[in-house]
Amino acid sequence: MSANQIDWDAGQEQGHMNPLVMVHRLLRGKYIWVCPLAIIFGLLGGVLGYMSQEPQYNSAGQIRIQPSLPKVLFTTEQSTATQMFSSFVNTQAELIKNPEVIQRALESDEWKAVSHFSDIKSVYDVRKALKVKTNRAAQQIITVSFNDEHPLVSSTLVGAVMDSYIMQFKNEGSIDIPEIRKMLENREANLIADRDNFDAQILAIAGRYRTENLEPLVLNALNTIHQLEAQREVLIDQKSRYEQRMKIDDDNSEPLTPEQAAEDDPMIAGYLARKMELEEAKDEMMVAEGLREGHRDVQRLTSMIANNQQRIDARLKELQSGEESLILVDDDGNPLPSIEIINSKIAKLDAMLESAKNKSKKLFEDSVDLRDYRAKRADKQASIAQVTQRLDQIDTESKVKDAEQITGKISIVGRPITPLEPTSDPRIKMAGVGFIGAGSLPVLVVLALAYFGHRIEYSDDDVLSGASNGIIGMLPDLGDSLADKELADASAFAVHQIRSQLQIKNHLGESRVYGVTSPAPQDGKTSMIIAIGLSFAESGDRTLLLDLDFIGRGLSVHFGYPNAPSLAESLESRDTIDSLIHETEFDGLYVLPAGFGDDERVSRLSPRSVDALISHLRTKFDTILIDSGPILASVEASFVAPQTDGMILVVGRGQYKPLVKKTIDYVHALEGNIVATVFNRALAQDLRQSSNSMSVHFSRQISRQQEAVDGRPSMRIGPVAGALFRAKDTPTNVPVSKGAES
């Protein structure tokens, strides 16, 4: 598709069209039989709708959900407001429609007594019509209602459902529930058994130690272990001294120095310390008092130092002698037991220590078990107290009952009654629905057929406006006579209007050439070209009607030149062309007929020859109208479209929309320009409802002001041209309104 072609699928016009306007367009011309059909179908639908329903009887009951019950002694969930009470009420409302509740209601004796009056057979039938509502203003109340054709059925079913709900959920929110009581009693028995078992364990441990307080025994056992370990450490230290002495004797072959011996022998260490004290005292005395070696105090200290050295030497001699009978001393100078005695004491202490540790371990484990048993017993005793208190609460608080002796927070406060009058009558509503639904069926069918139809019925069809031109004209269907003077005059005004707009566009006053074509034969193209030719001639233009429809040759036949010489053979001969032009009986209107047999000479046409012909004729005439035949089936039209100043497209009523679309696209593809679209053979009603109705209005004014005059209809030129010819002799020319778009 070229740049000039139309995008027919864009649907811009329809996208912005008012839906009511679109419906009106689709129903135009069909109201006369669509409306009676709609009324007939609507009446039938209304009758069927009325008969399909029965009056409904509504019965309702009320259930109360109390937030709390009076307190007797204890504060329980009965005597306190339920948390999220509205949610709790909504849950109870859903439980009323529980399938088990409804099934129990359908199995009740009261329902079975009236079930033969109803068509209810299953739980689904009840759930579908049963209404359960809560009230925001009164949150405690749940309303249960049911509609049925029989009043006794509605009241009985509501009562049965409420009774079934109460039987199944009457203990909801109650503190005294047999299952809970039994569970609490079993719990209490189990707790007591566990507590007694812990008591037996505690007594067994206390019997072994003859006391339940094991803490002092544990402390005594730990002290005994610490004492034995301290004694063993002393013996181990004494033993290590003997072992070190033996190791020194074995490792040292040289004599020990006093300092080496002092590391293992406390006696020598003491002697060395005494020696250092005496030497320091001597030095201090000599320095401080200035005494000499000969002073008696100095000599006394010197003698004491010598005696101490003799003791050191004697002790070193004893240590180096290697005699086993030598006994070591401790830090205080006390002699140590022999190595054999020390080893014997260590062995005894190890046995005593092992026994003490085993006894302490057992005692500690029993102490831990005893503490654990006591804690567990205390927990069991506390749980027993809670269960006992709960049972006491149940026994005390469950004595609170409502007026109907139903324990708990749920009760019936309003039982359903049998209605005496219908609550609603859906027959009228269904009659209205049936009337509207059935009555709309023929309208919808007609709308669908019109919407998907492929023929053009009215001048305001989007296909015609899609030709991308500013001039849209409309001509009525006059038949073969001019009996309807108003329509004839209106058609004449419409032709003049198209002609005037074409002349207005030609603001330079140059010679203009227009091609006239149509999507297919029988669209009224020839009649249209004669009519518009007459209009141009009456306006003072020297007008030529050129017949280039070598197949149809409508202009040639209508003007009486069926056997004219060949036009195809004379296209390039100007003198010959001039000789083939004939005057008509209308002033200023000329015709150039197609020659006899030109249908076989169509191959002689070419863009050059057509251009030469049009160029020559432009010099002789003000306006040239070319009958080019249907463009989709005409070779001549294909040459004419790009050579003219514009194409006038004539579309007859009932023409196929796809064919019109294809025609417009084809003209644009040839780089032609559609300057006007004429909708031919329009209905009189379409003409009167369009903007051209102003022409009808003017024609009526003329008919009231002057007598009817006899026209001179020429059946050779068609009814529209005859209307223009008759209008030519009318004393007063009435201007037409601007625009002819329908």
Contact list please: Cβ distance under 6 Å, first residue in segment 524-550 and within 24 Å of Ala568 (Cα to Cα) and touching a residue at least 12 places away in the same chain (Cβ under 8 Å), second residue surrounded by fewer than 24 Cβ atoms within 10 Å (Cβ to Cβ) and hydroxyl-bearing (Ser, Thr, Tyr), pairs at least six apart or on different chains.
Leu544/Tyr590
Exactly one of Lys409, Lys380 is modelled with pLDDT of 90 or more and either farther than 30 Å from Phe146 by Cβ or of a type outside the set (Phe, Trp, Tyr) (or both), and that residue is Lys380
So is Ile436 surrounded by fewer than 16 Cβ atoms within 10 Å (Cβ to Cβ), of a type outside the set (D, E, K, R), at pLDDT 85 or above and in contact with a Ser or Thr (Cβ under 8 Å, 6 or more places away or on another chain) or not?
no
Which pairs turn up if I take residues in segment 266-278 that are in a helix (DSSP H, G or I) and look for partners that are modelled with pLDDT under 80 and crowded, with 17+ Cβ neighbours inside 10 Å with beta carbon separation below 6 Å, at least 6 apart in sequence or on another chain?
Met267/Arg315; Ile268/Pro258; Ile268/Ala261; Ile268/Ala262; Ile268/Arg315; Ala269/Ala262; Leu272/Pro258; Leu272/Ala262
Go through (1) touching a helix residue (DSSP H, G or I) at 6+ places or on another chain (Cβ under 6 Å); (2) modelled with pLDDT of 85 or more one by one and return the number of the condition Lys657 breaks.
(2)
Of the residues that sit in segment 316-328 and are under 23 Å from Ile342 (Cα atoms) and part of a helix (DSSP H, G or I), which one is modelled with the lowest pLDDT?
Ser321
Which one of these does Lys128 not meet: (1) surrounded by fewer than 19 Cβ atoms within 10 Å (Cβ to Cβ); (2) more than 26 Å from Gly414 (Cα to Cα)?
(2)
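Just give me the residues in segment 627-640 being under 16 Å from Ala520 (Cα atoms) and surrounded by 24 or more Cβ atoms within 10 Å (Cβ to Cβ), in sequence order.
Asp627, Ser628, Gly629, Ile631, Glu636, Ala637
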Given the conditions (1) at pLDDT 85 or above; (2) under 20 Å from Arg499 (Cα atoms), every one holds for Pro642 apart from (2)
Going residue by residue through segment 334-347, is there one that turns out to be at pLDDT 75 or above and farther than 30 Å from Leu228 by Cβ?
no
From Glu421, Glu365, Glu397, grab the single residue that is more than 30 Å from Glu179 (Cβ to Cβ), of a type in the set (D, E, K, R), out of contact with any Gly (no Cβ under 8 Å at 6 or more places or on another chain) and modelled with pLDDT under 85.
Glu421
Hey, among the residues in segment 541-558 that are at pLDDT 85 or above and of a type in the set (D, E, K, R), which one's nearest to the chain's Cα centre (by Cα)?
Asp547
Within segment 520-547, work out how many residues are within 30 Å of Pro658 (Cα to Cα) and among the hydroxyl-bearing types (Ser, Thr, Tyr).
2
When only residues in segment 53-97 that are modelled with pLDDT of 85 or more and of a type in the set (D, E, K, R) count, which is nearest to the chain's Cα centre (by Cα)?
Glu94
Selection status of Ala637, touching a Leu at 6+ places or on another chain (Cβ under 9 Å) and among the aliphatic types (A, V, I, L, M):
yes
If you take the residues of segment 522-549 that are in a strand (DSSP E or B) and not aliphatic (A, V, I, L, M), which of them is surrounded by the most Cβ atoms within 10 Å (Cβ to Cβ)?
Asp547
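Mind listing whichever residues of segment 658-672 are of a type outside the set (Ser, Thr, Tyr) and either assigned to a helix (DSSP H, G or I) or outside the structural domain of Gln643 (by TED's automatic domain parsing) (or both)?
Across segment 658-672, the qualifying residues are Pro658, Leu659, Val660, Lys661, Lys662, Ile664, Asp665, Val667, His668, Ala669.
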Go through the residues of segment 151-170 one by one and say whether even a single one is surrounded by fewer than 17 Cβ atoms within 10 Å (Cβ to Cβ), closer than 25 Å to Arg427 by Cβ and touching a Ser or Thr at 6+ places or on another chain (Cβ under 8 Å).
yes
Suppose the filter is in contact (Cβ under 8 Å) with a residue 60 or more places away in the chain, within 59 Å of the chain's Cα centre (by Cα) and at negative phi; does Ile631 pass it?
yes
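Every residue, every condition in (1) without any contact (Cβ under 8 Å) to a residue 60 or more places away in the chain; (2) out of contact with any strand residue (DSSP E or B) (no Cβ under 8 Å at 6 or more places or on another chain); (3) within 15 Å of Lys409 (Cβ to Cβ), yes or no:
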| position | (1), (2), (3) |
| --- | --- |
| Ala93 | yes, no, yes |
| Lys97 | yes, no, no |
| Ile102 | no, yes, no |
| Lys112 | yes, yes, no |
| Ser118 | yes, no, no |
| Ser122 | yes, yes, no |
Those residues of segment 607-625 which are in contact with a strand residue (DSSP E or B) (Cβ under 6 Å, 6 or more places away or on another chain) and either modelled with pLDDT under 90 or part of a helix (DSSP H, G or I) (or both) amount to Ile614, Leu617
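The values are calculated or read from the model by the stated rules, or taken from the named source; none is laboratory data. All figures in this text were calculated on a predicted structure; none of them were measured in a lab. Because the Cβ atoms are built from the backbone with ideal geometry, glycine has one as well, and the counts that use them run over all protein chains shown.
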